[in-house]
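Worksheet for the structure shown next.
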Amino acid sequence: MSEKILNCSLIFSDVIELEGSLTKNKINLKGEQGNFDGSIKLTDSTERLIVNLINKSDFKINLSLNIDVGPNCFLEIRDESNYDNGSEFKIESKLNKDSIFELFRLNKFNPESVNSFNHKIDLSGNCEFRDFNFSNGSQEMNSKTIISLKEKNASYIGSGAVISNSTNAKNELIINHLSKSAKSDCSFKTVSRGKSNITFSGMVFVDKDCSDTESTQISKGLVMDEEARINLIPMLDINNDDVVCAHGAASGKPDENILFYLKSRGISKEDAEKIYIEGFLGEFVDKISNDEMQKKAFNYITSIS
Amino acid sequence: MLEIKKLNVSVEDKHILKDLSLNIGKGEIHAIMGPNGSGKSTIAHTLAGNPNYLVQSGQIEFHNKNLLELDPSDRSLLGLFLAFQYPIELPGVTNATYLKQIVNVHRKKEGLDPIDAGEFLKLLREKSKRLDIPMDMHSRFVNTGFSGGEKKKNEVLQMDLLNPSLVIMDETDSGLDVDALKSTSEAVNQLRSSDRSFIIITHYLRLLEYIEPDFVHVFQDGAIVESGDKSLASRIDQEGYAG
Ligand SMILES: Nc1ncnc2c1ncn2[C@@H]1O[C@H](COP(=O)(O)OP(=O)(O)OP(=O)(O)O)[C@@H](O)[C@H]1O
Ligand SMILES: [Mg+2]
């Protein structure tokens with residue numbers, strides 16, 4: 001895989017614009033007034049393609065996208081947009097042998113808007129899908145990702161965080177281990193404030209011939225206010241004995257001893273909570289191996305906590 | 001500068017401090033000794049404003065202000081510093097970031113701009129060196145996985161960075177090795193001044209040999225039962241509390 005990097009931008013405005021020129025790789029998206037559909041297809045494994053999604057539209061964004069990452073190819077999608085008028089994403093991805101797909105979403109949504117994100121992704125042999133998603137939630141927020149690890153050595157690493165003051169967010173993650181020797185590692189953290197109600201349901205399915213499976217799923221929640229709610233629902237359906245699994249879910253209020261320690265140093269209640277939240281989320285920003293994005297994720301957390 | 005009058009404090013419905021009165025003047029060092037469970041940390045936490053310690057009655061004046069009306073952060077900004085007996089771990093936040101942040105809230109109170117990154121590093125280097133704290137400890141999460149002694153040194157470092165006018169050290173010496181005990185005492189002695197006071201809670205004479213206290217109080221069952229000069233500490237060291 002080449003280290004040559006090609007950067008381009010997909011800009012949602014009245015129509016959809018592509019900035020940057022592509023060689024053999026193809027991006028084909030059409031539409032207007034916020035309704036866009038099309039595909040991204042990578043065949044050139046000599047360069048790593050970074051696609052930045054940029055929202056400049058006054059409409060709600062309805063995006064329907066097909067992604068095909070060819071053998072040995074590397075695709076990175078970064079979405080750091082604000083979606084003021086809501087969004088509805090439907091993505092179907094296919095990773096062909098030895099390919100990598102990194103998806104970063106660091107979004108700020110208008111709390112009054114309605115947003116949804118649906119992603120279905122199939123991984124072939126030796127593929128890796130890295131999925132990192134940070135959001136502030138919105139009035140209605142539904143996110144569903146279905147990952148199928150279809151061949152040997154397919155792996156998924158992902159983490160998500162919702163930090164919200166007023167949201168009704170549902171996050172659903174389904175990981176299907178359909179081949180032996182596949183790995184999945186997921187962490188979900190959420191901070192619920194105000195009257196937010198945040199649900200995470202994570203399902204790990206391991207099919208019966210999937211020996212040598214590794215799967216980790218951790219979900220943690222921090223309930224900051226009396227009326228805030230968090231509901232973590234981990235589910236396991238494991239049909240093979242040769243599986244190394246680490247699963248855990250826990251949510252609760254912040255540790256008063258830590259908050260008192262911070263306050264005893266002169267830090268205000270608000271700042272103490274902010275530092276606490278940053279610490280809570282900061283622990284897993286480490287999972288992002290891409291340095292630049294790790295920094296951005298960290299800044300995102302600081303800006304929102 | 002600190003006046004405690006007939007203080008009664010309870011924790012979880014248990015009456016701990018009983019009619020405690022104590023005056024600390026400017027520049028004075030008071031040592032408090034007393035058996036386990038006698039309520040020494042309870043005074044420390046009550047002064048710092050830990051909400052688990054309920055003040056049932058009594059008064060505390062600090063710099064002529066009613067301390068009990070202030071929340072913990074305002075007490076700190078007014079110059080009170082508690083070195084915790086059991087420092088708290090704060091995962092996910094690096095020590096350097098944390099230390100800089102606490103320095104900056106105190107600077108803000110003084111009307112100063114946030115400290116420049118380079119200047120802070122210099123300050124941190126200098127103060128860490130004095131306490132024999134390796135710089136790489138600052139890139140770890142606050143107190144997380146620190147050894148007992150490292151946690152205590154980190155408390156002393158915070159004291160040194162914040163320039164408090166009243167320091168309460170709650171068994172800071174427990175867990176420190178001989179050298180660390182010495183460097184901690186040196187840090188205290190350097191900070192010793194006519195307008196800075198100390199309350200030193202300890203079980204051991206050792207620390208008090210380095211930091212010579214002006215007064216020694218013996219604490220038992222939530223109240224001071226005897227006060228004296230530093231010879232009292234020697235007597236307790238030899239005879240124990242029952243003697
Ligand atoms: N959260 C709590 N719940 C119940 N009892 C408590 C709590 N905190 C303190 N106590 C009790 O209050 C009493 C005084 O405790 P304190 O920590 O002040 O003792 P101490 O003099 O500092 O002891 P040591 O020398 O062991 O540090 C003890 O009997 C202790 O068990
Ligand atoms: Mg104690």
Arrange the residues B:LYS18, B:LYS40, A:LYS253 by how much accessible surface each exposes, largest first, with a 1.4 angstrom probe. A:LYS253, B:LYS18, B:LYS40
Between the alpha-carbon centers of segment A:253-299 and segment B:91-163, tell me the distance in whole angstrom. 16 Å
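With a cut-off of 8 Å between alpha carbons and a minimum separation of six or more residues, what is the relative contact order of chain B in percent?
About 29 percent, as a whole number.
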Pairwise Lys count, segment A:4-83 - Cα closer than 26 Å, eight or more residues apart or different chains: 12
Pop a pseudo-label 7 angstrom from the Cα along the beta-carbon direction at both B:SER21 and B:GLU61 and give the gap in nm to one decimal. 1.3 nm
Using only alpha carbons, build the gyration tensor for segment A:4-304 and give me the equivalent ellipsoid semi-axes, biggest first, whole Å. 31, 26, 17
If you take every DSSP beta bridge whose two residues both sit in segment A:4-304, what share of them, in percent to the nearest 5, is antiparallel? 10 percent
With the label point 7 Å along the Cα-to-beta-carbon line of B:LEU121 and a cut-off under 20 Å to each amide N, the hits in segment B:94-110 are B:94-104
Considering only Cα-Cα distances, which of the following residue pairs are longer than 20 Å: A:LYS90/A:LYS195; B:LYS108/B:LYS152; A:LYS183/A:LYS287; B:LYS153/B:LYS230? A:LYS90/A:LYS195; B:LYS108/B:LYS152; B:LYS153/B:LYS230
Taking H placed 1.01 Å from N in the peptide plane, check which residues at least 5 places from A:ASP255 or on another chain put their amide H under 5 Å from its amide H. none
A student asked for the Cα radius of gyration and Dmax of the protein assembly as shown in angstrom ought to give 28.9, 90
Take the alpha carbon atoms of segment B:183-238, find their center, do the same for segment B:1-51, and report the distance between the two centers in whole angstrom. 15 Å
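Could you tell me the calculated FRET efficiency between A:GLU227 and A:LYS4, based on Cβ-Cβ distance and R0 = 45 angstrom, to the nearest 0.05? Please report the intermediate quantities before stating the final value.
On the way: r = 52 Å, r/R0 = 1.15.
It comes to 0.30.
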Any idea how far apart B:ARG130 and B:HIS203 come out in nm if each label point goes 7 Å out from Cα toward Cβ? 2.9 nm
Put a dot 7 Å past each Cα toward the Cβ at A:LYS208 and B:LEU191; how far apart are the dots in nm? 6.8 nm
Rounded to the nearest 0.05, what FRET efficiency do B:ASP71 and B:GLN238 give with R0 = 60 Å and r taken as the Cβ-Cβ distance? Could you check? 0.90
Using a Cα-Cα cut-off of under 19 Å, which lysines could be cross-linked to B:LYS5, ignoring same-chain neighbours fewer than 8 residues away? B:LYS18, B:LYS26, B:LYS40, B:LYS65
If you project the alpha carbons of segment B:2-239 onto their three principal axes, what span does each projection cover, largest first, in Å? 49, 40, 35
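The values are calculated or read from the model by the stated rules, or taken from the named source; none is laboratory data. Since the structure is predicted, the reported quantities are computational estimates derived from the model, not experimental observations. Please note: Cβ atoms are built from the backbone with ideal geometry, for glycine as well, and neighbour counts cover all protein chains shown. Heavy atoms of the whole protein, side chains included, go into the accessibility calculation; ligands, DNA and RNA do not. Shrake-Rupley method; radii C 1.70, N 1.55, O 1.52, S 1.80 Å.
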